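Below: one structure, written as structure tokens.
Values in this text are rule-based calculations from the coordinates and carry no lab data. Model, not experiment: these values are computed from the prediction. Neighbour counts are summed over all protein chains in view; Cβ atoms, including those assigned to glycine, are modelled from backbone coordinates with ideal geometry.
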């Protein structure tokens, strides 16, 4: 038991180190070259200079947002995969991202963003996500029991319906609005509003803390619902709270950063392979590595073909996908 | 007495206005353009020495290719823009709203030029740009010349037989232009009728094209696809345009980059195509 805990502490240490290294790396690379020596003097005396602005107004917000979104999506992925006992489920499977995208599309074509300001976009996205969560939740509860399999199927269907509705909206919208929708769907870690960034960072960390209330329950659930019940877990309440937690994390992430694929699907797999199935370590390690992975991908996306920037989803998909296939084919890991 | 007071106030306003005007344009020494046609217009106005950055799509005139690049039209590199220390960034309707917001938060002045909906808007935008660059006189002169010539063309084509035109700017789905685009003015000024003028959006069906039976089909170049499209249209033997072999491929760059000067050039070309 003790050796297990020591192993876990080492893992967390390694992942925190990895996250820090990536964040520092990300802070130092970009189209403007800022020598390492200069940075320390910049931090204390450089306020107002261009370099200071580049570091703390452009690069830092993206790193923080990458941390929050990457962490939240991976955490949601772990929770959902544990809840459904299905490794193909990811935060976007349940149509929550579709709902958010639909909310944003409606906002754009009704031109609410012009009248109510740019902040109305994440608000509408979040309302769309909440709407889908409510529909899913109320449809899947039968006789007081949350039917997990029906929830999954219904989620997949809702996701299809909303993507079709988005296509419908896109095909009848004006060219100018069309671009807004496409950009949003591509996903981006660029966020001008500092308070939104702070909010999502705290939500994501709160999500991590909250998820730890369920680490034992998740472990028990991985044996099956009935077994969990026999182990003394209040299965019904646990299922509902976990579903709501994961959905809210996804909803917040999607409404701020758009749809950034792959993080929530692949990171939990990697981590299960590395640290084991126990949710006590899986939750925190997925959060940390998801955060690091997204920051790394965003750094690559904005530096790989300077001065151009790529959508971050391009990198998460290509990089994550190929590493993932490589590992599976090499190690024959159990999914 | 009253008259004198009004006059002196007026002259003061003019004086002050002028003063403010020269002040603001002399402040603007470093400009970044985020749209190809805006870059082109800056060159037309001879203000290229103030242009410190543009997008990789800004290919015309060829000197613009040597300017510092700050990204594509849709995906800009904010860091790069900030380090170029611009006094003004001219955005287009293709620039992402979040990026504009971010630039403003960083204390950079941003002006957004929405894509012009007709010839009139092309001219008024050009004049506005002239004002910003402190080249209003030149802008006015260019616009006046172009307007005169355009009116001349309109007058000439007025009494010619109307030609029904279908303009294809995208395929899969078939995409055309409606009256909300300045491209519609090309057709109307050159004595044509845009069959898709009143369509709600640009998405158009082949069936509707067959029904409207245009005399001329114009395809904006989309690489090899344009030739393919020409072959596809060729299969509909009943179309007037096919019968008389009047399917033309035009340079999308010329067709879709709306400076007053390129508008006139393209219009002249189109008149030749429609009334030969």
Burial order of peptide ranges A:238-249, A:166-177 (average beta-carbon count within 10 Å, highest first):
A:238-249, A:166-177
Across all directions of projection, what mean area in square nanometres is found for the Cα convex hull of segment A:1-63?
5.4 nm²
Relative contact order of chain A (C-alpha contacts under 8 Å, at least 6 apart) in percent is 31 percent
Gap in Å between the Cα centre of segment B:58-86 and the Cα centre of segment A:277-335?
30 Å
What nm value, rounded to one decimal, do you get for the distance between residue B:212 and residue A:325 when each label is placed 7 Å out toward the C-beta?
4.4 nm
Figure the gain on full extension for residue B:224 and residue B:62 (residue separation times 0.36 nm, minus the Cα-Cα span) and round it to one decimal in nm.
55.9 nm
Mind giving me the FRET efficiency for residue A:206 and residue A:157? R0 is 25 Å, r the Cβ-Cβ distance, nearest 0.05 is fine.
0.25
Cα-projected label distance for residue A:88 with residue B:148, points at 7 Å along beta-carbon direction, nm:
7.1 nm
Restricting the count to DSSP beta bridges whose residues both fall in the protein assembly as shown, what percent are antiparallel, rounded to a multiple of 5?
20 percent
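Round to the nearest 0.05 the FRET efficiency obtained for residue B:251 and residue B:105 when R0 = 45 Å and r is the Cβ-Cβ distance.
The computed FRET efficiency comes out at 0.70.
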Note to self, chain A gives a 222 nm [θ] from helices alone (DSSP H runs n ≥ 4, -39500 (n - 2.57) apiece, / all residues, nearest 500) of -24500 deg cm²/dmol
Ranking A:8, A:184 by Cβ neighbours within 10 Å, fewest first, what do you get?
A:8, A:184
Starting with the fewest neighbours, write out A:279, A:269, B:275, A:216 ranked by other beta-carbon atoms found within 10 Å of each beta-carbon.
B:275, A:216, A:269, A:279
Per-residue mean of C-beta atoms belonging to partner chains within 10 Å, peptide A:191-200
2
Taking beta carbons within 10 Å but only from partner chains, what does the mean come to for residues A:116-127?
1
In a GNM of chain B with a 10 Å cut-off on Cα contacts, which of B:173, B:116, B:260 has the highest mean-square fluctuation?
B:173
Take the Cα atoms of segment A:74-207, build their convex hull, and give its volume per residue in Å³.
125 Å³
To one decimal place, what orientation-averaged projected area in nm² is obtained for the convex hull of the Cα set of chain A?
19.4 nm²
Over the protein assembly as shown, how many percent of alpha carbon pairs lie in each 20 Å bin up to the one with the longest distance?
17, 42, 30, 10, 1, 0
Calculate, in whole percent, how much of the Cα-Cα pair population of segment B:47-167 lies beyond 22 Å.
49 percent
Kirkwood Rh over alpha-carbon pairs of segment A:1-150 plugged into Stokes-Einstein at 4 °C, 1.567 mPa s gives a D in µm²/s of 66 µm²/s
Per residue and in Å³, how big is the convex hull formed by the alpha-carbon atoms of chain B?
167 Å³
Over all viewing directions the Cα convex hull of segment B:100-161 casts an average projected area in nm² of 5.5 nm²
With a 10 Å cut-off between alpha carbons and a GNM built on chain B, which of B:264, B:94, B:45 moves the most?
B:94
Gap separating the Cα centres of segment A:40-54 and segment B:176-205, nearest whole Å:
52 Å
Roughly speaking, what is the centre-to-centre gap between segment B:209-241 and segment A:68-85 when only Cα atoms are used, to the nearest Å?
51 Å
How many nm separate the modelled label positions at residue A:56 and residue A:40, each set 7 Å beyond the Cα in the direction of the Cβ?
1.8 nm
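So how many Å³ per residue does the convex hull of the Cα atoms of segment B:92-235 work out to?
Details: hull volume 20.5 nm³, N = 144.
In segment B:92-235, the Cα convex hull volume per residue is 142 Å³.
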To make sure I understand, if each residue's beta carbon is the centre and we count other beta carbons within 10 Å, what order do B:123, A:105 fall in, fewest to most?
B:123, A:105
Calculate the mean, over all residues of peptide B:77-90, of how many other protein chain Cβ atoms lie within 10 angstrom of the residue's Cβ.
5
I need the Kirkwood Rh of segment A:179-274: take the reciprocal of the average 1/r across all distinct C-alpha pairs and report it in angstrom.
15.5 Å
